[in-house]
Each structure stands twice: as C-alpha cells, then as structure tokens.
1. Which order do the peptides C:170-182, B:65-77 take when ranked by the mean count of other beta-carbon atoms within 10 Å per residue, highest first?
2. Among A:200, A:60, A:71, which one moves the most in a GNM of chain A with springs linking Cα atoms closer than 10 Å?
3. Please list the three semi-axes, largest first and in whole Å, of the ellipsoid equivalent to the stretch B:1-92, using sqrt of 5 times the eigenvalues of its alpha carbon gyration tensor.
4. Mind sorting A:132, C:21 by how few other Cβ atoms lie within 10 Å of their own Cβ, fewest first?
5. What is the angle, in °, between the Cα long axis of helix C:81-90 and the longest principal axis of the Cα atoms in chain C? Nearest 10 is fine, range 0 to 90.
6. Could you state the angle between the C-alpha long axis of helix A:42-59 and the longest principal axis of the C-alpha atoms of chain A, as a value from 0 to 90 degrees rounded to the nearest 10?
7. List the trypsin sites (Lys or Arg not before Pro) within the stretch C:1-99 that DSSP assigns to loop and that have no more than 15 neighbouring Cβ atoms inside 10 Å.
8. Specify the angular offset, from 0 to 90 degrees and rounded to the nearest 10, of the alpha carbon long axis of helix A:203-226 from the longest principal axis of the alpha carbons in chain A.
Amino acid sequence: MLKDITLGQYFPGNSILHKLDPRMKIFLIIIYIVTIFAANNPVSFVLVLASAFVLMFLSKIPAKLILGGLKAVFFIMAFTAVINIFWTTGEHLLVDVGFIKIYAEGIEYAVFMIVRVISLIIGSSVLLTYTTSPIALTDGLERVLAPLKVLHIPVHEFSMMMTIALRFIPTLIEETDKIISAQKARGADFSSGNLMQRAKALIPVMVPLFVSAFHRADELAVAMECRCYRGGEGRTRMTQLHYHTRDFLMLGALLLFMAVVIVLNFVF
Amino acid sequence: MEEAKKAASIALRDVTYRYSIGTPFEKAALENVSLEFEGGIITGLMGHTGSGKSTIAQLLNGLLKPTEGQVLLDGRDIWEDPKKISAVRFRVGLVFQYPEYQLFEETVLRDIAYGPGNMGLSQEEINRRVADAARFAGVTPDLFEKSPFELSGGQKRRVAIAGVMAMDPEILVLDEPAAGLDPRGRKEILGGIRAYQREKKNTIIIISHSMEDMAVYADKLMVLDHGHVSRYGTAHDIFCHAEELKQVGLSRPQITKFIMELQKAGIPVESGIYTVDSAYREVLRIFKEKERG
Amino acid sequence: MSNYIIEAENLCFSYKSEDGTALPVIKNLTFGIEAGSFVAILGHNGSGKSTLAKLCNMILTPDSGKLRVGGVDVTDENLTEDDIYNLRRKIGMVFQNPDNQLVATIVEEDIAFGPENLGIAPGEIRRRVDDALRAVNMTEFARHSPSQLSGGQKQRIAIAGIIAMLPDCIIFDESTAMLDPIGRAEVMETIERLNREKGITVLLITHYMDEALRADRVMVMNRGELFLDDTPRRVFSQVDKLKSVGLDVPQVTDLVNRLRTEAGFAIPADILHSAEAVEILAKLYHEIGGKH
C-alpha cells in the first residue's frame, strides 16, 4: 500500500548528529561533498570511506537500515563501474581479449567512483535525511537562504510551500488509497489492458484527487487567513535556532578532514 | 428454485488482518474474528473508532485480503480463485465513508453508470439499473444532466450511493452513509436505503456509530468491541443490555438512558426501549396500569 | 458602549450564480451576540448559518446592512488591512474538516502559527503554546505529527491554534460534524470549558440538538432568516415549529411534549433536561398511588 512509504526517511533519535543545528548541517554537507570530490588518491579514498562509517556510527542509526538504502542504487553503481572498467584507457594494460581491453587505471577509476557514491549516500543520509526532521530541514533552509530575500527571491514563500507539502503528503497519500479502493469497489480495473487503457483507467482516480486537493487548498487558505497569515513580513518564529559548541566542533572536525584530503592530493 | 431466490449471506471465519506487514508499523486490526451477516435483512454493524468496522467492510468485498482465515460468500471462500475477485466485488457492493469523493464524471447520470458499465452489461440494462438506483437513492431527474461537482453535499452523497446501488449487488455494505449530514439528510439517506432493501430483498450491512439511527433503520444489530462481536440481536435485545454499550464506547440513545433513569426513580417501565414511540407507549401503559390499580 | 461582541442590523448577503442571478442566503438579519455568552446556531444545510460565520470573520462581505464585530464596523469602506487583521485575531474560527486547517507537521509548531503571524516575541509564543496545549488537554502530544492524531484530537489542536492568538470570541463552523461520538464529546467539553473558564464568547454552528442544549441561547436559522431566538428551554419546547424546518428535537423533549399534548399529562411545556422530566414523571406516577 502507498501508506507504507516512509517519506524523507527521517529516523528519530538522540545522537549528536540529530542535535546539530539544521543550518550547520547544511554547511557541513556542502563541505563533505566538496571533500569527497577533492579526493583523488587511494589514501584519501580510504579516509573518505572511513569517514562515512564514522558518521554512520555517530548517528546511532542501525547500519542495516543505511546499507539497505544502498541497494536501491546498486545498479547505478554497477553500471558506472562497468563503464569505467571498459572505457578507460591508460598505460597499464591488464586484459586484452580481442576488442576488450582492461587497464589498471580503469579499475582504479571504477573503485574510486564506487567509494564516492557510497560515501556520498551514507554521508548525506546520516547528516541530513535520517537525522533531520523535514520541518527542521525546511526551517534550516529558510534561514540559510534568508539573505537572498534582498534579491527579491521569495525564500519564506518557498519554505511555507515546502512545509504545507510535507504536512499534506500523508493526507493525500491516504486519500489516493481511499479513492483507488472506492473505484475498485465500483469495478475499476487498473492492472489489465494496454498502456492507453491503463492510462484511461486512472481518470476516475485523478479527477477526484485533483478536485479534493483544490478543495483542501481552498479551505486551508481560508483557515490560514483566519489565523492572520499575510506572508513572511513581520512574522516571528517560536523556535529560535542557536549554534552550540557541538556545532562548531563538528565544523572544525570536518574542515580539518577536508584540509587533510586536500594536502594528501599534493603528497601523492 | 427456492434456493436461488434466497438472499446471499456473508461470513468471516477465523479472520486475522494485519496492516503494514514487515514494517515497524505492523499492527493487527482484527484478530481471529468469526461472524456472520444474515441474508435478506439490514444489519447495523456498530463499534467505536478502531473497533475494526472499516477493515471488515473492505474484507467483505475483497479489497483487503485476510492475513489468515476466510471470507465466505454463501459458504464459499471468496479468495478461492484470486483472479475472480473482481466478480466478488460485483456481488458485494461497498460504499465508503464520505463517498462523494469518488465522483468524477461529467454528468450525474454517467457517474452512476460507471459501476454497471464496468460489469459488461448491455446499454439497456445499464440504463434500467441507473434509473432504479437513482430513484432509491433519491437522485431526482432534474439533477441527471448536471455536473456532480455543482451539487450540494447531501446530493453528492446520494449520487455516490446510487453509483454502487446501480451495480445491483447481492450484498451492499455502507460505511457511515449518513456521516456529517443534517437530521433531514440523515433521514432521507437511511430511509432510502431501507426502502431499497425492502424492495430488492437483498442483504445490507450498515456501519455506524449512531445507536439512534441503527435502532430505527436496522433489523438486527451487531456490536463490535476490539474486533470481536460483543452482542448480536434485535434492537430490543441489544438495548436490554444498555449498560454494556457504554463499556464498549458506544453512546446509548438518549431515550434509552431516560428509561433507565425512570426505572431508578421507581417507575417500573420495561428495559430495551430505544425509540420515542415505544417509550411513549410504555409510559402510557404503565400509568394506565397503575390507575386501574 | 454596548456589550455586544457581534451586532448585525438588516444584514443581507447573496451569492452570485454563474448566470448572474443573485441567490439570497442571508435576509435582513438583525441580532446581537453578548460578550462572554455561549450561543448555538441551528439550522439545516443551506439555512445560511455558515455564511453568517464567514461574514463575521470578513471572509465574505455583506451586500447591505450593518455588521459590527468586536467594535469594528466591517461594512466600513475605509477599513485598512490592519483593521481586518486585528479583527481576525479577536474572532477565531474553527472549521469542519480538521485536516484542512492544520498547517505544520508538528503539533506545537502548528499552534504557534497564529502567534507567529502576529509577530509576537518567541518567548511569549512558547508560553502561549504551552497554555493552549494545556487548555485543550493535549500537552503530551506537543511533538506529535497531526497525521498520527484522531479526528477529535486534531480538532482540539485546531482550537489550541486559535486560543494561542488570545481571541475574544471563537466561531465553530460545524466543527463536530465529522467526528465520532468520542471525538465530539472531547471537543464539546473543551468548548464549554473555554467559555466558562476563559470567558471566551462561543458561537457554535451545529446540527446536533444535544450540543445546542448546552448553550445559553439558541438561534434557529431557516432560509436566511432568524426563525427562533431564545433560551434552549424555550426553543426546544416548540417541538412542532422545529420539526417544520427539518430539525429534530432531543428525544426526551419529544417524548415529554407528546405526553403533554397527546396524552394530557400535567407537565410544563419547557422541560429541557432528562433529570427534570424524570422527577416530574416520578411525581405524577407516585401521586396516582396516593389516591388509592
């Protein structure tokens, strides 16, 4: 059932990563991504991979859950690896069977690519999606991007839209389930026929869903106006974000890590 | 031939139903439930929120498949051949709670015809059924060519109910058909369903938490408590045990409570009263009896 | 200065249909709602009761007539946006569908939404949110997501969101219609408490007679006009009149009325609560015994 999809994959907890300020996490993830792409030698890659596992450990989220998430991208990784192995040319020829030529450099690139993807997924999921509630993330983004308001970019409006979307996703998923069931009970068949017929069979689901979504939007808009909403102007927030020592410690640790990786580039 | 005329009955045998199996949210909605709905009558299925009523509704017409146990339609397991489950959905109609959300067609008439249209019937038969269903559900001809979206809440509800009635199911299950309507709307909908049953002589199950309504419109009542049948019988039987209803989280009709208070005040009225009519007669009877000495 | 929080004089409103014809829904309405009172508005669907609520909150604008809400004349053309804003803070509104009025994914964030819009200082918002949660008995759910709550609980959160703006009056527009009996009882209990303890004026639009019984005053609307306007006791004694506009009367009221009019029992016409009815019937019954 649609209901079983857990959106955003937020995994509540009490680890140091959970407690970090969402704004800081956004900076940290940027530093981390830069570091991953700066790495270009075996020692750095070992360090990068190790750092991903350290972050995983810090998050206290079951490794099984995070590694399970990697399964989804397994094919992309395998595909990238194969392309790298067969299409990279270099100086050290390892295999030469007719048109297939495999170079040592190809294998190296493939391994590096896989390490990058794995670290990227683990790092970003434990730093952001698994340890930050969607609302905190939206909130953090709004505040990090706040300076853009000067350029007349509607930061508050985007953040409000995100919040409302997050709020209504479970409601709309439930509603979709309900409408599908109701039409099935009226004999709708969603699983047979050709593409055209299947697309047509969705009309009895899509029309009520849109009608209902518009209706909800309408009622919500009235309810928001009744609660004195008039955009971001003059609005205050109940939760104030404050940076703590742990935020700066994490920032320091990650900056140091980046420096080491960059220095290693010159050593090797 | 006698057999063929008999209205269909439907039963759950040792049914367990679990949600979200294999996720951290796994939960049993029903555990080992056995119950039977008699054919040819209106049964009011009652229970508080979370008692498993809505799950039962979806099990009955094969929208949900029992995790364990069987759903027996006229004694045969509906999941015997899973490929034929859509045929079961034609035999057991289901009207969801707030069914007006299922309307999608351009006109009222076409929306009512959607269900029968999926059954592969002749156009003639479809037209006949649509006209019949519209009449029972109280959809007046002046609405036929209108868009369902311009109707009032109560009218939409009636069109949605007609859409399922038009499939002419042997068993019709309705989940809270009168929810959110004003008293007049409630009476029209429930009265229409009753008239429909009396003419079709089919089997109807109405899910409701309104004791007042079910006491009047259902032939028999089934009270659910945490997924188990705590009591089954006529309204009189059920309301003789009115104290029990309170324990399972259902509110008793005001008049039933009132009769119990009269008993406490030393007026020997009989228990099991649930309508204003019967209360009126009972009070008169008891006063006359005493006047006679 | 009058003690009315809402005051209408010859109020008229009509919806414009597509072909341009006007469909009158509120016709020449004149009434006043006293500050601190608990008023129920009854009427079947289409009687104009919800339109009236939307007029009070300036979601709709009257065609003609006068309407003063919280001392502000809403028909005044010089009304600024700030005036409307102010009026909406004072007159809160709770709607029918609990799902379509909650904005945030966390209960306490949602309650904070109103005060945040008012630009209140963070510490003060925190205090108000905690107070509001306590007022609706939902403190333990502060960090829950609304999608985990029952209908009655969601509706109590919606109420808390309004309370946090410290309103003088709350209009409930069929706020119990979509709830099960348990949810309805929770919400009604909350509404009564707000009125009695916090002195908030309550305007309860409903079609449940038992809810209207709990009010100080009942206004019955029919076809955009005020059909009855009196204490519950006097309104519900007019059983035939209520039935003529498609409304039910509470079962006990109905029974007592029939005993009085059809069977000639010596019962006063304005019996409202079942305890009173029991007392009178018991007295009559035991008197029969006394004669022998």
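1. C:170-182, B:65-77
2. Highest fluctuation of the listed residues: A:200.
3. 25, 16, 10
4. Least to most surrounded, the residues fall as C:21, A:132.
5. The angle comes out near 40 degrees.
6. 40
7. Within the stretch C:1-99, no trypsin sites (Lys or Arg not before Pro) qualify (loop, at most 15 other Cβ atoms within 10 Å).
8. Rounded to the nearest ten degrees, it is 80.
Bear in mind these aren't lab numbers, they're just calculated from the coordinates by the rules spelled out. These numbers were taken from a predicted model, which means no experiment stands behind them. Methodologically, a virtual Cβ is constructed for each residue, glycine included, from the backbone with ideal geometry; neighbour enumeration extends over all protein chains shown.
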